[in-house]
Structure formats: C-alpha cells, structure tokens
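A.B. asks: Here it is, the structure, as structure tokens.
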Amino acid sequence: MIAITGATGHLGLATIQALVGKIAPAEIVAVVRDPQKAASTLPQGLTVRTGDYNEPATLLAAFQGVETVVLISTSELEYDLRMRQHQNMIDAAKQAGARHVVYTSVVNPSPDSPFGASPSHFATEEYLRASGLAYTVLRNTLYLDIVPMLVGEGTLASGKLYSSAGDGQVSYGLRAEMGEALANMLTSKGHENQVYDIAPGPAYSFQDLAATLSEVSGQPVEYVAASGEDIAASMRQHQVPEPFINLLLGMNQAMKNGEFATPSTTFEQLLGRKPTDLKTYLASVYGK
Ligand code: NAP
C-alpha cells in the first residue's frame, strides 16, 4: 500500500488522481486530517485514514501496513513547527514498518536561503537520509499556479508588474503535472535513494513574465524592479499579514539569487511529455 499525506491538499489530490487507474484504489491510503473534507474531495474506493502531522499516534495508526509513505511537506510556515511535523511523519513511517519515504522538498534547499521554507526542507532531507529508510526526494520548484498571485490583481489594468526579484529567473512547474510525475515515479522502479529536481526549463525572469503577459492578454505590461522595502510598504497598505509579506520578500530574494533557476530534464522524463510552459499557462488564465 502507498500512503499519501496531505491527500486533501492540491498536490496530494493531484497525485491520487493520477495514481487511480494505475493501482487499485484500495491500495492508496489517503491520509487526511479532516474526514469531512476527504468525503467531499477524494475519489471513491480509497482507503482513507485520519492522521494529523502534530499527533504522532494518529500517524502511526495511519501508516500501518504501508510500504511507501509520500510525505507532502506541511503548509505551516514556522521552522520549528515544520520540523516537528516532518520528523513526526518520518518517525511514524519508520515505526509502522514502512520501507520507503518519498518527500516533496524544494529546489536548492539550504539552511541559509532567504526563502522561508528552504531551511526546513534542507533539515528534513538530512533527517530522512539519517533515518535508514529508503528515500526519494522530489525537489519541487515553484508552481506555475502561484504566478497569478505573483502578478497581483491590478497589474493588467495598471500595465506595471512590480517585484523585488530583480533579474532572477525561475523554472515554474504546473502543480497537477508534479502530481502526475510523482504518481509515475511511485509506479515505476529505480527511484530509491535518489534526489530529483522537478523543475522544467526554461527559467523565466520577471521581464519574461511581463512580456508573456502582454502577449497573451493583449494589454501592455512592463516590469518594474522594486526594492523589498517598497513591496513591503505597498503590501502593508493593503493590510497583507506580516508572515505573508516576509514569505514573499524571502521568496523574491531567493529568486534574485537564482535559487529557483534549476532547469532539469527529470520532470519531463517522469511526466512522459513536455511540461506545460509559462505561455500556455498564462494564456489559460489571462488569454483574450
Ligand atoms: P496545500 O493545498 O496547502 O496542501 C497542504 C496539505 O497539508 C493539506 O492537505 C493540509 O490538510 C495538509 N496539512 C497541513 N497541516 C496538516 C496537519 N497538521 N495534519 C495533517 N495534514 C496537514 O499545498 P499544496 O499546493 O498541495 O502543496 C504541497 C506542499 O508544497 C505545501 O504544503 C507546501 O509545503 C509546499 N508548497 C509549495 C509551493 C510551490 O510553489 N512549490 C507553493 C505552496 C506550497 P487540509 O487539506 O486539511 O488543509
């Protein structure tokens, strides 16, 4: 049996949807914290178990009889909490007798990265490697799906795209296709003790983003390089919560440093076709 944590989240669900049809649904253990959300979200026929990342006993019960655990990283932001939750899951997988843990990390994980999630991804990878379990680490790049959030609401009307990411380039990947690639990995052999960059080429700068946005929307948009302080001040004016401002500024700085510019062919190989590119995605969201 294969357990997928975060099963009612976007990536977990995309993985499950791609897995159904490849293996018997009852062999898929969907680990959820909210059974009601599971009932309205998940496909029929799965084995659904309750597991909370904060409660080791629930995870131990959820992973019984499971050979492979897919550990979808937590959506929490704070380092200590993220680490505790990830360690709870790895410890429970080991105690329950699982053989293999698949972890969704980030490209270029580093204890020194300004991107808030990166240090805990780095430390979780270390913890997993030290656990003695077989592992596969999928270092996911930023989702194409977050590009509308980066673009912001007033950009098409104002014709100005502001960011503090400078000329930094990013390889973006469609989240649903990352789930598909993950499902293909789970149902093929030779991935144990491997670390994969799930980051398609080419990588794009904010200039590229503005140019492509102009092309698909028919509205001229120019990139305006701004300082982190200016971006933060503008977000505060719009009452954006401070943790989100910090997350975005750190992410922009990591973009500027080139941390997300890691094009690799692994994503395409696992997916079995060319991943969706920026222009196709933007046309689906902003197309005329
Ligand atoms: P998501 O939709 O927010 O899913 C996160 C999942 O984690 C949800 O299913 C959530 O449960 C579950 N979860 C959170 N805390 C939990 C707890 N205490 N116990 C049990 N389950 C818990 O995020 P996603 O889009 O699928 O992305 C997966 C992960 O990638 C995120 O969690 C985050 O670490 C990371 N991420 C990456 C990017 C990127 O651009 N690469 C962007 C955002 C996030 P519920 O369904 O009950 O809420």
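The values are calculated or read from the model by the stated rules, or taken from the named source; none is laboratory data. Since the model is a prediction, treat every value here as computed from it, not as a measurement. All Cβ positions, glycine included, derive from the backbone under ideal geometry; neighbour counts span all protein chains shown. Please note that ligands, DNA and RNA were not included when accessible areas were found on the heavy atoms of the full protein model with its side chains. Shrake-Rupley method; radii C 1.70, N 1.55, O 1.52, S 1.80 Å.
A.B. asks: Just going by the charge dipole of the chain, with Lys and Arg at +1 and Asp and Glu at -1 on Cβ, which of Asn54, Gly65, Thr280 is farthest out on the positive end?
C.D. replies: It is Gly65.
A.B. asks: Oh, and also: Between the alpha-carbon centers of region 1-58 and region 111-184, tell me the distance in whole angstrom.
C.D. replies: Comparing the Cα centres of region 1-58 and region 111-184, I get a distance of 22 Å.
A.B. asks: Here's something else I'd like to know. Please give the length that would be gained between Gln44 and Ser234 if that part of the chain were fully extended, namely 0.36 nm times their separation in residues minus their C-alpha to C-alpha distance (nm, one decimal).
C.D. replies: Stretched fully, the Gln44-Ser234 segment lengthens by 63.9 nm.
A.B. asks: Using only the alpha-carbon atoms, what does the chain span along each of its principal axes? Please give whole angstrom values in decreasing order.
C.D. replies: 56, 37, 36
A.B. asks: Moving on. Could you check how much of the accessible area of the chain is carbon and sulfur, as a whole percent, using a 1.4 Å probe?
C.D. replies: The C+S portion of the solvent-accessible surface of the chain is 50 percent.
A.B. asks: Using alpha-carbon pairs under 8 Å, 6+ residues apart, how would you state the relative contact order of the chain in percent? Don't skip to the answer; put the middle values down first.
C.D. replies: Working: 562 pairs, mean separation 52.8, N = 288.
This gives 18 percent for the chain.
A.B. asks: If you don't mind, another one. Would you mind working out the magnitude of the charge dipole of the chain relative to its Cα centre, with +1 at each Lys and Arg C-beta and -1 at each Asp and Glu C-beta, to the nearest 20 Debye?
C.D. replies: About 660 debye.
A.B. asks: Okay, moving on. With +1 on each Lys and Arg Cβ and -1 on each Asp and Glu Cβ, and nothing else charged, work out how big the dipole of region 2-140 is about its Cα centre, in Debye to the nearest 20.
C.D. replies: The calculated dipole for region 2-140 is roughly 340 debye.
A.B. asks: How fast does region 1-114 diffuse by Stokes-Einstein, in µm²/s, taking the Kirkwood radius from C-alpha pairs at 37 °C and 0.692 mPa s?
C.D. replies: Value of D from the Cα-based Kirkwood radius: 230 µm²/s.
A.B. asks: At q = 0.25, 0.27 Å⁻¹, what log₁₀ I(q)/I(0) does region 56-132 have when each alpha carbon counts as one equal point scatterer in the Debye sum?
C.D. replies: The computed values of log10 I(q)/I(0) come out as -1.16, -1.29.
A.B. asks: Okay, moving on. Projected onto the charge dipole of the chain (+1 at Lys/Arg Cβ, -1 at Asp/Glu Cβ, origin at the Cα centre), which of Phe122, Gln269, Ala233 gives the Cα projection farthest towards the positive end?
C.D. replies: So the residue furthest toward the plus end is Gln269.
A.B. asks: OK, next. Would you work out if region 62-213 is rounded, prolate or oblate? Take a ≥ b ≥ c from the square roots of the eigenvalues of the alpha-carbon gyration tensor; rounded if a/c is under 1.5, else prolate when a/b is larger than b/c, oblate otherwise.
C.D. replies: prolate
A.B. asks: Of the peptides 11-24, 180-193, 35-48, 235-248, how do they stack up when ordered by the mean number of other Cβ atoms within 10 Å, highest first?
C.D. replies: Most protected by this proxy first, the peptides run 11-24, 180-193, 35-48, 235-248.
A.B. asks: Can you spot the lysines whose alpha carbon is less than 25 Å from Lys160's alpha carbon? Ignore those fewer than 8 places along the same chain.
C.D. replies: Cross-link targets: Lys256, Lys279, Lys288.
A.B. asks: Run the helix sum for the chain: -39,500 (n - 2.57) per DSSP H stretch of 4+ residues, divided by residue count, reported at 222 nm to the nearest 500 deg cm²/dmol.
C.D. replies: -13000 deg cm²/dmol
A.B. asks: Rounded to the nearest whole Å², what accessible area per residue is found for the chain with the 1.4 Å probe?
C.D. replies: With all protein chains present, the chain gives 44 Å² per residue.
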